[in-house]
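Reviewing the structure listed below.
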Amino acid sequence: MLTQHPRPTIRARVPLRLGLAGGGTDLSPYCDQFGGAVLNTTIDRYAYAFIDPSPDEQTHLCAPDLGLTDTLNADLSSPEKLTLGKLALHAGVATRMARTYGNGVLPPLRLTSYVDAPPGSGLGSSSALVVALVEAFATLLSAPLGPYDVARSAWEIERRDLGLPGGRQDQYAATFGGTNFIEFLGDQVIVNPLRVAPDVLNEVEASLVICFTGVSRRSDTIIAEQQAGMQQKGDALAGLHRLKADAQEMKQALLGGDIAGMATILNRSWEAKKRTAGGISTERIEMLHRTAFAHGAIGGKVSGAGGGGFMMFIVPPERRVEVIRALNAAEGEAASIHLTGRGAETWRVGGPGHSVSVPYLGQIA
């Protein structure tokens, strides 16, 4: 008599990212016409996706951190119709993966996710979640996806299937992990993992402070204004050219271990970014920025599109505790962070044996 093994749980974990320079130049039409470049690094905050057997014959979608549950009601065999519901990212990934790699069929399952940051954080959390969902389904369906395939699929689901506004860096940062200089040349994306000396990475990590502003923002309006400004030869376009140049300079400063130079570029990028759209900075953001600098910060800007979410600061390590305490006293939520060199990871729990997929660690450039 054959022993029946329970179907194992599939888990996926994907890191969030800090945008060090160049954010905004990965938006169309700028990157299509001029080419974009960003420098980012992943941190020890993650998006998770779990696939478990369903308790019934339905496909359940769960996001306990958001207090949301739903069931998938999409016609998985029809490419014309996409039914979203309350958890659009989950439904969009499940539908695309089932149609592309499952012949329009999924076994009954429970899909659960949570993220170590609120929506609208500016840490690429939504795109990281989509990457985690894609990774989990790729393992479930034995889809032959390499890291570029995973990132591209996640981007297509967000931007094309679901019509959500945004750029291209977040999906690639989350998939590859580590510190990357990423170039966008029309429809082509090139991820260049950086060979940064361990001592330099340690010093960068010791110099970083992040602070949640307390405001989860929707980036739609800011992105739409940036895209409109790209069509004109004015401040918005000039600001994006500056951000692209800053990404190149930030890469050289990082590779050379010039932390003070990185802070200078961060400040210059912040001023350029504010020229690309209104609403990127707010009085609360400016207040937290002034507070950090009054207590020792030497560089700072918002991470992501702006308007809220997380801010990041470069601080002399010996003054990091002082800056964190001052920001928390100003009703921010400040903390130190750790950098991570690992990208998307998946593994199985339970079932016959215990198998683990090897994470993509990138090639040295």
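The values are calculated or read from the model by the stated rules, or taken from the named source; none is laboratory data. The structure presented is a predicted model; accordingly, all values stated were derived computationally and were not measured. As a convention, Cβ positions derive from the backbone with ideal geometry for all residues, glycine included, and neighbour counts pool all protein chains shown.
Taking the criterion of being aliphatic (A, V, I, L, M), buried (at least 20 other Cβ atoms within 10 Å of the Cβ), farther than 24 Å from D246 by Cα and within 15 Å of the chain's Cα centre (by Cα), the residues of region 131-186 that qualify are V131, A132, L133, V134, V150, A151, A154, I157. Would you confirm whether any residue within region 284-299 is of a type in the set (A, V, I, L, M, F, W, C), at pLDDT 85 or above, touching a helix residue (DSSP H, G or I) at 6+ places or on another chain (Cβ under 7 Å) and not in a helix (DSSP H, G or I)? Taking every residue of region 284-299 in turn, at least one turns out to be of a type in the set (A, V, I, L, M, F, W, C), at pLDDT 85 or above, touching a helix residue (DSSP H, G or I) at 6+ places or on another chain (Cβ under 7 Å) and not in a helix (DSSP H, G or I). So which residues in region 113-126 are modelled with pLDDT of 95 or more and of a type in the set (S, T, N, Q)? Of everything in region 113-126, just one residue is modelled with pLDDT of 95 or more and of a type in the set (S, T, N, Q), namely S113. Of all the listed residues (T3, T95, T42), the sole one being outside the structural domain of L145 (by TED's automatic domain parsing) and either outside any loop (DSSP other than H, G, I, E, B) or modelled with pLDDT under 95 (or both) is T3. Please determine whether any residue of region 194-202 is surrounded by 24 or more Cβ atoms within 10 Å (Cβ to Cβ), on the phi < 0 side of the Ramachandran plot and among the aliphatic types (A, V, I, L, M). No, the conditions are met nowhere in region 194-202.
Conditions (1) among the aliphatic types (A, V, I, L, M); (2) over 23 Å from the mean Cα position of the chain (by Cα); (3) on the phi > 0 side of the Ramachandran plot, marked per residue:
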site	(1), (2), (3)
G256	no, yes, no
G261	no, yes, no
W270	no, no, no
G279	no, no, yes
T282	no, no, no
H289	no, no, no
F293	no, yes, no
A297	yes, yes, no
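Every test in (1) closer than 30 Å to G350 by Cα; (2) free of Cβ contacts under 8 Å to residues at least 60 places away in the same chain is passed by I43 save one, and that test is (2).
Considering only region 112-121, I want to know if a residue exists there that is closer than 20 Å to G350 by Cβ, of a type outside the set (G, A, S) and surrounded by fewer than 17 Cβ atoms within 10 Å (Cβ to Cβ). Within region 112-121, one or more residues are closer than 20 Å to G350 by Cβ, of a type outside the set (G, A, S) and surrounded by fewer than 17 Cβ atoms within 10 Å (Cβ to Cβ). Listed by first and then second residue, the pairs linking a residue in region 308-322 that is in a loop (DSSP other than H, G, I, E, B) to a residue that is β-branched (V, I, T) and modelled with pLDDT under 95, with Cβ atoms under 6 Å apart and 6 or more places separating them unless they lie on different chains, are G308/T213; G308/V215. Scoring G278 on the criteria (1) within 22 Å of N40 (Cα to Cα); (2) at pLDDT below 80; (3) surrounded by fewer than 16 Cβ atoms within 10 Å (Cβ to Cβ) leaves a single failure, condition (1). Scanning region 323-347 for residues that are surrounded by fewer than 17 Cβ atoms within 10 Å (Cβ to Cβ) and part of a helix (DSSP H, G or I) gives R325, N328, A329. Residues that are without any contact (Cβ under 8 Å) to a residue 12 or more places away in the chain and among the charged types (D, E, K, R) within region 119-162 comprise D149, R159, R160, listed in sequence order.
Can you tell me which residues in region 149-166 are in contact with a helix residue (DSSP H, G or I) (Cβ under 8 Å, 6 or more places away or on another chain) and either within 13 Å of S126 (Cα to Cα) or of a type outside the set (D, E, K, R) (or both)?
From region 149-166, those in contact with a helix residue (DSSP H, G or I) (Cβ under 8 Å, 6 or more places away or on another chain) are 150-158, 161-162, 164-166; that's our starting set.
Hits for region 149-166 are V150, A151, S153, A154, W155, I157, E158, L162, L164, P165, G166.
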